Ligand code: UTP
């Protein structure tokens, strides 16, 4: 204990031991274990670089917009490539070469929901949770491609138990539990503005998940990469837990990644305005990178092409395909150096009297790494344009932009368009919005092809406009 105290004193962090004398030995072991995991020399550096100072993002002088494969192929050659890619993607799915990965380790602070975000009841009619919606999509994809998919879910130490209990209680929503793998990401200690480690409790540091960049090392440390290898998985279909619109597996995207021999690929959306809160796909030194919206200089954000479109138009919805071998290579030594990003947050802590303090304003810094920083470490990357209305409706807040409200509206709208595309008449209000709330179960429909056969089989030509809700299952 004396040597630990000396080490902490040397690094000006001895305050974390101020309650240890009053704890029984069993209780203090958690804190001692957490402290043993920390590299205090590295921590000193991080505190100096990210807490005491706010690092300025250095924008490379040669920054250019990233090229991308457009949503609609503009030449016959490209059209042929897209057809081949979609066919290749389906083949890879049928051969069991693709695993699904959802990152669900975040704390969802903006949503203000007191449970793992994936358990949030999101769908417009049935209020299915995000997890249920994905589970049913994974189940349907498994049936469609005649090959059960394995679904990896990354949690954090803070929500792992609750997440697993949720799935158990709901009998994995019909999925085979053997093909559902939960793994936990790492944590980083939260630090106050004086550079001191905070305590969440007398016997625990205030720890926060280490960002979605933590996925890569967590895949290795948890043994998931080994399992993928022995299952014959080549590609990982990666998405975030708060975007129910995403295709859990997208044959075109997977196939293109394969045909182009990409290490890490990304979907992109056309930004609606210069400062939209999406990361920007850029190129510097021939490497693909994402520059956060807050870091892109104003003159670049506003720059326009001759036709008036934004020069830096490509925004990131955080949907990727990763090659298993690329992740394996990156994490070979059991280490991976991605840059840290500083997030100013309200961090609950206990004060000198041992009382819990719930701050009203940000009182410290959490350090996170971001998965998109791995793009710069890849030899081959590609970006494919997606239709926002079909693929992206993140749930970050209760109301307003990127909210529960906007997500439900977009789910309804996508369902309406999907039905209209296959010839179903959907009642619309004078403002053009669907006049009924429409929910379609992913157990029946995950794409337009499914919608067509479903509506034909059920003989659906028109939706009843006299009801409030329509649920198709
Ligand atoms: P966000 O950056 O939106 O964070 O995560 P969040 O924790 O969900 O929400 P706020 O910022 O506290 O309101 C985007 C995705 O990355 C996952 C989240 O679960 C979400 O799917 N994520 C984020 C992790 O898995 N681990 C992390 O450490 C951070």
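Do we find that residue 373 is more than 20 Å from the chain's Cα centre (by Cα) and either outside any strand (DSSP E or B) or closer than 29 Å to residue 251 by Cβ (or both) in this structure?
Values: more than 20 Å from the chain's Cα centre (by Cα): no; either outside any strand (DSSP E or B) or closer than 29 Å to residue 251 by Cβ (or both): yes.
No, not satisfied.
Does residue 377 satisfy the criteria of being surrounded by 14 or more Cβ atoms within 10 Å (Cβ to Cβ), under 30 Å from residue 282 (Cα atoms), more than 16 Å from the ligand (Cβ to nearest atom) and modelled with pLDDT of 95 or more?
On the way: surrounded by 14 or more Cβ atoms within 10 Å (Cβ to Cβ): yes; under 30 Å from residue 282 (Cα atoms): yes; more than 16 Å from the ligand (Cβ to nearest atom): yes; modelled with pLDDT of 95 or more: yes.
It is true that residue 377 is surrounded by 14 or more Cβ atoms within 10 Å (Cβ to Cβ), under 30 Å from residue 282 (Cα atoms), more than 16 Å from the ligand (Cβ to nearest atom) and modelled with pLDDT of 95 or more.
Of all residues being outside any strand (DSSP E or B) and within 13 Å of residue 15 (Cβ to Cβ) in segment 186-203, which is nearest to the chain's Cα centre (by Cα)? Just the residue, please.
Step one: filter segment 186-203 for residues outside any strand (DSSP E or B), giving 186, 190, 193-196, 198, 202-203.
Next, only the ones that are within 13 Å of residue 15 (Cβ to Cβ) stay: 194-196, 198, 202.
On the way: 194: 31, 195: 29, 196: 30, 198: 27, 202: 32 Å.
That would be 198.
Looking at segment 338-372, which of its residues are out of contact with any strand residue (DSSP E or B) (no Cβ under 7 Å at 6 or more places or on another chain) and surrounded by fewer than 19 Cβ atoms within 10 Å (Cβ to Cβ)?
Result: 339, 346, 352, 353, 354, 355, 358, 359, 360, 361.
Is there a residue in segment 66-74 that is touching a residue at least 60 places away in the same chain (Cβ under 8 Å), surrounded by 13 or more Cβ atoms within 10 Å (Cβ to Cβ) and not in a loop (DSSP other than H, G, I, E, B)?
yes
Conditions tested, residue by residue: (1) within 16 Å of the ligand (Cβ to nearest atom); (2) surrounded by fewer than 19 Cβ atoms within 10 Å (Cβ to Cβ).
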{"residue": "34", "(1), (2)": "no, yes"}
{"residue": "56", "(1), (2)": "no, yes"}
{"residue": "76", "(1), (2)": "no, yes"}
{"residue": "110", "(1), (2)": "yes, yes"}
{"residue": "123", "(1), (2)": "no, no"}
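Could you figure out which of (1) more than 11 Å from the ligand (Cβ to nearest atom); (2) surrounded by fewer than 24 Cβ atoms within 10 Å (Cβ to Cβ); (3) more than 30 Å from residue 79 (Cβ to Cβ) isn't true of residue 184?
(1)
For segment 210-242, enumerate the residues that are within 14 Å of the ligand (Cβ to nearest atom), touching a strand residue (DSSP E or B) at 6+ places or on another chain (Cβ under 8 Å) and part of a loop (DSSP other than H, G, I, E, B).
210, 211, 212, 213, 222, 241
Has segment 273-286 got any residue that is under 14 Å from the mean Cα position of the chain (by Cα), within 16 Å of the ligand (Cβ to nearest atom), crowded, with 24+ Cβ neighbours inside 10 Å and outside any strand (DSSP E or B)?
no
Out of 89, 106, which single residue is buried (at least 18 other Cβ atoms within 10 Å of the Cβ) and assigned to a loop (DSSP other than H, G, I, E, B)? Talk me through it step by step, then tell me what you get.
Details: 89 fails: assigned to a loop (DSSP other than H, G, I, E, B).
Sole residue among the options that is buried (at least 18 other Cβ atoms within 10 Å of the Cβ) and assigned to a loop (DSSP other than H, G, I, E, B): 106.
Out of all the residues in segment 142-151, is one or more in contact (Cβ under 8 Å) with a residue 24 or more places away in the chain and either within 16 Å of the ligand (Cβ to nearest atom) or over 18 Å from residue 445 (Cα atoms) (or both)?
Among the residues of segment 142-151, at least one is in contact (Cβ under 8 Å) with a residue 24 or more places away in the chain and either within 16 Å of the ligand (Cβ to nearest atom) or over 18 Å from residue 445 (Cα atoms) (or both), which makes the answer yes.
Among the residues of segment 157-185, how many are closer than 24 Å to residue 217 by Cα and in a helix (DSSP H, G or I)?
Taking segment 157-185 first, the residues closer than 24 Å to residue 217 by Cα are 157-164, 177-185.
Those still in the list that are in a helix (DSSP H, G or I) too: 160-164, 177-179.
Count: 8.
Please go through segment 159-179 and give me each residue that is surrounded by 19 or more Cβ atoms within 10 Å (Cβ to Cβ) and closer than 30 Å to residue 334 by Cβ, ordered by number.
Within segment 159-179, 159, 160, 163, 167 qualify.
Tell me the residue from 361, 333, 325 that is assigned to a helix (DSSP H, G or I) and away from the ligand (no atom under 15 Å from the Cβ), please. Write out each step before concluding.
Details: 361 fails: assigned to a helix (DSSP H, G or I); 333 fails: assigned to a helix (DSSP H, G or I).
Of 361, 333, 325, the one residue that is assigned to a helix (DSSP H, G or I) and away from the ligand (no atom under 15 Å from the Cβ) is 325.
When you go through 245, 207 one by one, which is the residue that is under 30 Å from residue 445 (Cβ atoms), within 16 Å of the ligand (Cβ to nearest atom) and in contact (Cβ under 8 Å) with a residue 12 or more places away in the chain? Show your work before the answer.
Working: 207 fails: under 30 Å from residue 445 (Cβ atoms).
Going through 245, 207 in turn, the sole match is 245.
Taking only segment 248-272 into account, find how many residues are in a loop (DSSP other than H, G, I, E, B) and within 16 Å of the ligand (Cβ to nearest atom). Steps first, please.
Start the filter on segment 248-272 by keeping residues that are in a loop (DSSP other than H, G, I, E, B), which leaves 248-250, 260-263, 271-272.
Now narrow it down to the ones that are within 16 Å of the ligand (Cβ to nearest atom): 248.
Here the count works out to 1.
Report yes if residue 86 is away from the ligand (no atom under 16 Å from the Cβ), at pLDDT below 95 and either more than 21 Å from residue 188 (Cβ to Cβ) or under 19 Å from the mean Cα position of the chain (by Cα) (or both), otherwise no. Show your work before the answer.
Numbers: away from the ligand (no atom under 16 Å from the Cβ): yes; at pLDDT below 95: no; either more than 21 Å from residue 188 (Cβ to Cβ) or under 19 Å from the mean Cα position of the chain (by Cα) (or both): yes.
Criteria not met by residue 86.
Has segment 243-251 got any residue that is within 22 Å of residue 348 (Cβ to Cβ) and crowded, with 24+ Cβ neighbours inside 10 Å?
Looking through segment 243-251, none of the residues is within 22 Å of residue 348 (Cβ to Cβ) and crowded, with 24+ Cβ neighbours inside 10 Å.
The values are calculated or read from the model by the stated rules, or taken from the named source; none is laboratory data. None of the values given here were measured: they were computed from a predicted structure. Here Cβ is always computed from backbone atoms with ideal geometry, including for glycine, and neighbour counts include all displayed protein chains.
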